[in-house]
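No value in this document is a laboratory result; all are computed from the given coordinates. The structure presented is a predicted model; accordingly, all values stated were derived computationally and were not measured. Here Cβ is always computed from backbone atoms with ideal geometry, including for glycine, and neighbour counts include all displayed protein chains.
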Amino acid sequence: MGQRAAKQQIEKGLKLYNNTKQEQAVRKWKAALGKVGDKKRLRFILLGHLALAYGDWGDYREMLGYSVQQIDIANELDELELRAEAYLNLARANEKLCEYHKAMSYARHSMNNTASQEDPLVGPIHLCLGNANLGFGHFQQALENFDKALKMAIKIGDRGLECNTYGDLAEVYISLKDYDKALRYTVKASELVRCRGQEWSPKLRTVVQLNLATPYRKLGKMDLAMDYCEEAMKMALQLNDRAIQARCLCIFADIHRKRGDCERAYPRYESSLSIAVEAGDRLGQLQVLSGMAKTLVLMKQFQRALDVNTQALDIATSIGNKMSMLRSHWLMHQLYRALGNPKASQQHASAFDGYLRDLSLYCGVCHEVMGSRHDSLNVLTCCHIFHARCAETSSFKARGCPNCKKVLTIPIFV
Ligand SMILES: [Zn+2]
Ligand SMILES: [Zn+2]
């Protein structure tokens with residue numbers, strides 16, 4: 001295949017891809033890949049499209065494979081720009097596979113190969129680093145990364161990156177139980193899709209739709225949560241996107257559980273779990289198992305709840321997700337108490353305290369725990385987090401941040 005013909009195939013694939021014909025696009029790119037011969041740069045571009053397509057499908061192992069091939073070419077051609085892109089794809093695949101240490105290391109490699117701080121990859125690299133930090137429960141570092149990603153997105157007018165960053169910021173606030181802020185960010189993302197997102201990938205549009213469901217559910221607006229989730233499920237079925245279908249099923253189950261309908265919730269968790277297991281999506285498995293354990297508690301099946309929660313704790317430990325470990329230990333503490341085993345209950349309470357200290361989830365003003373119940377939080381420009389009520393007093397504003405002593409009292413994320 002000549003250079004021009006290969007480029008045409010790439011363009012045709014892109015058109016198909018953005019017209020929700022992903023499978024046809026991937027077939028076209030794979031066919032072109034077989035014909036480009038020794039044209040390494042074209043091979044690199046095709047591998048990049050394939051990596052992102054498989055990433056969109058939630059097949060991160062396949063994405064990893066294409067990214068590794070990209071790195072080989074980037075090294076052969078010895079070009080910074082290609083290396084930066086290849087390492088970013090590798091970092092993203094690892095982040096999605098919950099290999100957070102590897103993700104951070106590859107993201108830093110990618111950063112070292114960017115041309116300057118103005119490079120368009122700098123924002124996405126920060127986003128990837130932020131997600132890896134969030135995966136570990138390092139909230140302050142994650143917020144620092146998301147802040148940089150967002151500033152970069154706005155500076156260079158990258159609306160897709162801006163939209164993704166809002167979605168990830170919402171995740172931070174959901175973890176910390178400030179659901180009003182989480183909702184504000186998911187709404188901002190959906191407004192961007194409405195105004196400018198028509199040409200964006202159908203995956204991103206579906207994720208944005210789905211992201212609205214969780215904050216609405218947490219705020220008790222079940223009907224709205226159900227509507228957004230149903231809409232996302234329709235889109236995911238059209239796209240044949242199993243990863244999003246699994247997330248929708250988990251949210252449907254959460255809604256039924258919150259309505260007290262355990263009979264409807266449990267089978268949906270089971271379906272979601274089987275997809276997450278098949279895809280090797282450990283974060284997805286963790287979320288489902290946590291919902292299952294809570295459902296079993298509602299059904300007063302404490303021993304089964306304990307078994308399911310033990311599985312959740314094992315997965316949380318394997319990926320290093322401290323926030324999930326903390327919450328699993330808390331549930332274990334309560335379950336062992338209900339089952340009449342005070343010694344085991346106490347052990348889990350101690351483990352819980354250890355993670356609480358490790359995660360520094362104490363407000364620097366009132367010293368109470370943050371993230372244990374729905375509450376309004378403020379993040380300062382130094383990325384330290386406080387209760388909004390504690391950070392908005394005039395004495396706090398005069399003294400500055402009690403954690404790092406910087407007099408930076410304007411909240412960055414409000
Ligand atoms: Zn406080
Ligand atoms: Zn500070």
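Results, tabulated for the structure shown:
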item: Simple label model, 7 Å out from Cα along Cβ direction - LEU14 to GLN347, nm; result: 5.7 nm
item: Where GluC sites (Glu not before Pro) in DSSP loops with at most 14 other Cβ within 10 Å are excluded, longest remaining stretch of the chain; result: 119-367
item: Positive-end residue of PHE386, TYR100, TYR266, charge dipole of the chain with Cβ unit charges; result: TYR266
item: Sum of side-chain charges, GLY58 neighbourhood, beta-carbon under 14 Å (Lys, Arg +1; Asp, Glu -1); result: 0
item: Mean residue ellipticity (222 nm) of the chain, computed from DSSP H runs ≥ 4 via -39,500 (n - 2.57), nearest 500; result: -24500 deg cm²/dmol
item: Most fluctuating residue given options VAL193, VAL122, VAL36, as computed from a GNM of the chain linking Cα atoms under 10 Å; result: VAL36
item: For ALA391, net neighbour charge (Lys/Arg +1, Asp/Glu -1) across residues whose Cβ lies under 15 Å away; result: +2
item: Rounded to the nearest 20 debye, dipole of the chain from Cβ charges on Lys, Arg, Asp, Glu; result: 420 debye
item: Cβ-derived FRET efficiency at R0 51 Å, ASP307 paired with LEU219, nearest 0.05; result: 0.95
item: Check: the stretch 24-140 dipole with +1 on Lys, Arg Cβ and -1 on Asp, Glu Cβ, in debye; result: 440 debye
item: Highest-fluctuation residue, LEU77, LEU204, LEU64 considered, GNM on the chain with Cα pairs under 10 Å; result: LEU77
item: Extension gain (nm, one decimal) between SER360 and SER116, 0.36 nm per residue minus Cα-Cα; result: 84.4 nm
item: Estimated dipole of the stretch 274-375 in Debye, rounded to 20 [Cβ of Lys and Arg +1, of Asp and Glu -1, Cα centre]; result: 300 debye
item: Most mobile of ASP178, ASP78, ASP119 in a GNM of the chain (Cα contacts under 10 Å); result: ASP78
item: Proximal charge balance of ILE156 [Cβ under 12 Å; K/R count +1, D/E count -1]; result: -1
item: Euclidean distance of C-alpha centroids, the stretch 191-224 and the stretch 40-118, integer Å; result: 27 Å
item: Whichever aspartates and glutamates have a C-alpha closer than 14 Å to that of LYS28, once near sequence neighbours (fewer than 8 apart) are set aside; result: GLU11
item: Hydrodynamic radius (Kirkwood) for the chain, which is based on Cα pairs only, to one decimal in Å; result: 22.6 Å
item: Extension gain from ARG389 to THR317, taking 0.36 nm per residue of separation minus the Cα-Cα distance; result: 22.6 nm
item: Partners for LYS21 among lysines (Cα-Cα distance below 21 Å; same-chain residues under 8 apart left out); result: LYS7, LYS12, LYS30, LYS203, LYS234
item: For the stretch 144-267, alpha-carbon Rg and Dmax in angstrom; result: 14.8, 49
